[in-house]
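Asker: Okay, handing you the structure first.
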């Protein structure tokens, strides 16, 4: 059997129980991988139920106040939302590449992809803060400075209270998503530090994979939020 050298790229099959670090309560590396993946999917299922309940409430009110929802959506900055969508989709690619290079035991490539993912995540939050600032200037922050001029309604029978309710949903959902993004950035920082110290590549690929799953979940949630909030009209 050929012994892989440092320059040799390891295939997925090369990362077996001989190269991975297996905890004492698992029979082998495969069982450890399956358990870790199942645990993350179970956690993500609870997150889906949480977001699903919020989106159901959003859909009920949208059905009842269609004009107000359409008007409220028209006041959002669709261009910034589209840019953030592209940023998150690109970050999903860099996370997938990090997992791919993990199985090839290419530590520097894994570290680069993780750092790129962090940069994109920070860019997403920065754009979101800019958007919040613009909405503050437009006096669209519920319970703080919300004010809707009647002559801005464009002749539609829109209740300012209903538009304010739309903005409540908007800020609650996007802030909740941003909180998950901050958690994801914390996890990516954890990975970057350990990969930089030559850990969690061939020996611990599970940790990179399950954190990658969490990051993909954050991206998928935004894929739902963008059309529901910005493209209502």
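Since every read-out is calculated from the coordinates, none of them should be taken as a lab result. Computed from a predicted model, the values in this text were never measured in an experiment. Cβ atoms come from the backbone with ideal geometry, glycine included; neighbour counts cover every protein chain shown.
Asker: Would you mind ranking 138, 79 so that the residue whose beta carbon has the fewest other beta carbons within 10 Å leads the list?
Answerer: 79, 138
Asker: How do 117, 189 rank when sorted from fewest to most other Cβ atoms within 10 Å of their own Cβ? Before the final figure, lay out each step's value.
Answerer: Values: 117 27, 189 13.
Going from sparsest to densest Cβ surroundings: 189, 117.
Asker: Rounded to the nearest whole Å³, what is the per residue volume of the convex hull around the Cα atoms of the range 56-138?
Answerer: Values: hull volume 8.6 nm³, N = 83.
Each residue corresponds to 103 Å³ of Cα convex hull volume.
Asker: Let me ask you something else. Normalized C-alpha radius of gyration of the range 59-195, against 2.2 N^0.38 Å?
Answerer: It is 1.35.
Asker: Arrange 67, 92, 157 by Cβ neighbour counts within 10 Å, fewest through most, would you?
Answerer: 157, 67, 92
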